[in-house]
Amino acid sequence: MSTRLLARIDAIVEEGIREGAYPGCQVVILKGGKEIYNKAFGTHTWATAKNKNAVPVKPTDAYDIASLTKTTATLLAVMKLYDVGRLSLAYRLSYYLPFLLTTDKRDITVREVLFHQSSLPSTLFFYQDAIDKESYTGTLFKGRLDKEHSVRLGLQTWANPNFRFRQGLTSKVRTGEYTLQVSDSLWLNRSFKKEYLQKIADAPLRDKRYRYSCVGFIPLQQLVEARTGMSLDEFLAKEFYTPMGLKRTGYLPLRFLPKDEVVPSSVDAFLRKTTLQGFVHDESAAFHGGVSGNAGLFSTAEEVVRIYQMLLNGGELDGKRYLSKETCRLFTTTVSKISRRGLGFDRPDVQNSQKSPCASSAPASVYGHTGFTGTCTWVDPENDLVYVFLSNRIYPDVWNTKLQKLSIRERIQDAMYQALLKGK
């Protein structure tokens, strides 16, 4: 590959920082299993008058990878269970999760969830069930700024932060009953998990088509835990992360990393009223105690890339086998008949490049995923490439969309392919 053209990546990344798309990031690219690009850029947070000495990003700093969790965690566990005959893609979720048997979700199959064709809603606001609806006046959200709605959540969404959580549901410290940690000084009663699952059971199904759904990956977590008798994070650590030598990958990173080695995700002035550093940004994952099927994993680009290199190798890394070649081939090559989606993986949209999450130069065989915090991983089996980009583009503001508008991730990927072509 052309090192001169690979150097274009530096300019693209630095443009993103200069334009305010993210304060810092990590980029790693492997070709043929060998590292051809590995750089950390920028700082943990934006340098300001009050914070002139922002911490530089190091390759060892862990990021909240958001929905990249779906394929870097949950899907790995599903693939492992499939590999050892403990799970069938054709079986209904309710076969493994009896609480769905008496609901309209009883016929949803594992395959439909992985394809995002389950009719489940895109998202459910679980945290709203923890809020005392009598504790604030008017509505919780509004389309414009006013005296009550002072916290901005989106381009046209403002929230009222003056609410209380339901009495008896939260605690400032951990106790035997309050075991779900949401932030530094916010713990939820463990009973909230039952409410959480009941909300999924009660949610009306939508029409049968492709609809990206975070909700679907939460029952997948329950399935993994039901089949293994272990929590999702424990199962992943045992089967993948620990034997792979990954020391900076996992849920609830403050259990195994110093806080200053975890990049802040965002400033949550609405719900948790604190800077989120070491606690997942995604509210659904947060109110599930930080370990969730849809989000919650933290990692570095150097460690994420090893997981996807293992998949590209057909389930093997450093001489150790984690998954069979057949399972890897099935999950990484199968594509839905009605969308671009694979079995859990996202893929290029070859029909409409404007809607594709990848560069237009990416072959149709590419698979991977993106994350809301400004992350992505793409594996190209055709060219033996793995590309990882991690950032905290929502720090401090969740409505910052400059990363998408500038197409930073896609342009880096395109620069990679240009370097590949010229290198040949």
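The values are calculated or read from the model by the stated rules, or taken from the named source; none is laboratory data. This structure is a prediction, so every number in the text was calculated from the model and none was measured. Note: ideal-geometry Cβ built from the backbone for every residue, glycine included; neighbour counts use all protein chains shown. Each accessible area value is taken on the protein alone, full model and side chains, heavy atoms only, with ligands, DNA and RNA left out. Shrake-Rupley method; radii C 1.70, N 1.55, O 1.52, S 1.80 Å.
In region 95-121, the residue that is least open to solvent (accessible area, probe 1.4 Å) out of those that are over 25 Å from the mean Cα position of the chain (by Cα) and polar (S, T, N, Q) is THR103. Do we find a residue being polar (S, T, N, Q), touching an Asp or Glu at 6+ places or on another chain (Cβ under 7 Å), touching a residue at least 24 places away in the same chain (Cβ under 8 Å) and open to solvent by less than 50 Å² (accessible area, probe 1.4 Å) anywhere in region 206-226? No - not one qualifying residue is present in region 206-226. Given the structure, is LYS199 at pLDDT below 95 and surrounded by fewer than 18 Cβ atoms within 10 Å (Cβ to Cβ)? No: the conditions fail for LYS199. Each residue in region 271-300 was checked for being among the polar types (S, T, N, Q) and open to solvent by less than 10 Å² (accessible area, probe 1.4 Å), and 4 of them qualify.
In this structure, is SER284 in contact (Cβ under 8 Å) with a residue 12 or more places away in the chain, of a type in the set (Ser, Thr, Tyr), in a helix (DSSP H, G or I) and in contact with a helix residue (DSSP H, G or I) (Cβ under 8 Å, 6 or more places away or on another chain)? Yes; evaluated as a whole, the condition is true for this residue. Do we have any residue at all in region 50-63 that's out of contact with any Lys or Arg (no Cβ under 9 Å at 6 or more places or on another chain) and among the acidic types (Asp, Glu)? No: region 50-63 contains no residue that is out of contact with any Lys or Arg (no Cβ under 9 Å at 6 or more places or on another chain) and among the acidic types (Asp, Glu). Here is the figure for region 404-414: residues that are buried (at least 23 other Cβ atoms within 10 Å of the Cβ) and either within 16 Å of the chain's Cα centre (by Cα) or small (Gly, Ala, Ser) (or both) total 1.
For THR3, state whether it is under 28 Å from MET310 (Cα atoms), open to solvent by 40 Å² or more (accessible area, probe 1.4 Å) and over 26 Å from the mean Cα position of the chain (by Cα). Criteria met by THR3. Go through the residues of region 48-56 one by one and say whether even a single one is under 28 Å from LEU276 (Cβ atoms), open to solvent by 50 Å² or more (accessible area, probe 1.4 Å), in contact (Cβ under 8 Å) with a residue 24 or more places away in the chain and not in a strand (DSSP E or B). Scanning region 48-56, I find at least one residue that is under 28 Å from LEU276 (Cβ atoms), open to solvent by 50 Å² or more (accessible area, probe 1.4 Å), in contact (Cβ under 8 Å) with a residue 24 or more places away in the chain and not in a strand (DSSP E or B), so the answer is yes. Criterion first (in a loop (DSSP other than H, G, I, E, B) and either of a type in the set (Ser, Thr, Tyr) or closer than 29 Å to LEU97 by Cβ (or both)) does LYS147 satisfy it? Considered against the rule, which asks whether it is in a loop (DSSP other than H, G, I, E, B) and either of a type in the set (Ser, Thr, Tyr) or closer than 29 Å to LEU97 by Cβ (or both), LYS147 comes out as no. Could you tell me whether region 16-36 includes any residue that is more than 30 Å from ASN313 (Cβ to Cβ), among the hydrophobic types (A, V, I, L, M, F, W, C) and either under 19 Å from the mean Cα position of the chain (by Cα) or open to solvent by 10 Å² or more (accessible area, probe 1.4 Å) (or both)? Looking for residues that are more than 30 Å from ASN313 (Cβ to Cβ), among the hydrophobic types (A, V, I, L, M, F, W, C) and either under 19 Å from the mean Cα position of the chain (by Cα) or open to solvent by 10 Å² or more (accessible area, probe 1.4 Å) (or both), one finds at least one in region 16-36, hence yes. Applying the set (1) part of a strand (DSSP E or B); (2) open to solvent by less than 40 Å² (accessible area, probe 1.4 Å) to TRP158 leaves exactly one unmet item: (2). The strands (runs of 3 or more DSSP E) found wholly in region 297-384 and carrying at least 3 residues that are hydrophobic (A, V, I, L, M, F, W, C) occupy 375-380. Right, SER191: free of Cβ contacts under 8 Å to residues at least 24 places away in the same chain and either open to solvent by less than 40 Å² (accessible area, probe 1.4 Å) or more than 23 Å from the chain's Cα centre (by Cα) (or both) or not? Against the criterion (free of Cβ contacts under 8 Å to residues at least 24 places away in the same chain and either open to solvent by less than 40 Å² (accessible area, probe 1.4 Å) or more than 23 Å from the chain's Cα centre (by Cα) (or both)), SER191 qualifies.
Looking at SER324, SER391, SER365, just one residue is out of contact with any strand residue (DSSP E or B) (no Cβ under 8 Å at 6 or more places or on another chain) and modelled with pLDDT of 95 or more, and that residue is SER324.
Scanning region 67-109 for residues that are closer than 21 Å to MET310 by Cα, in a helix (DSSP H, G or I) and out of contact with any helix residue (DSSP H, G or I) (no Cβ under 8 Å at 6 or more places or on another chain) gives SER67, THR71.
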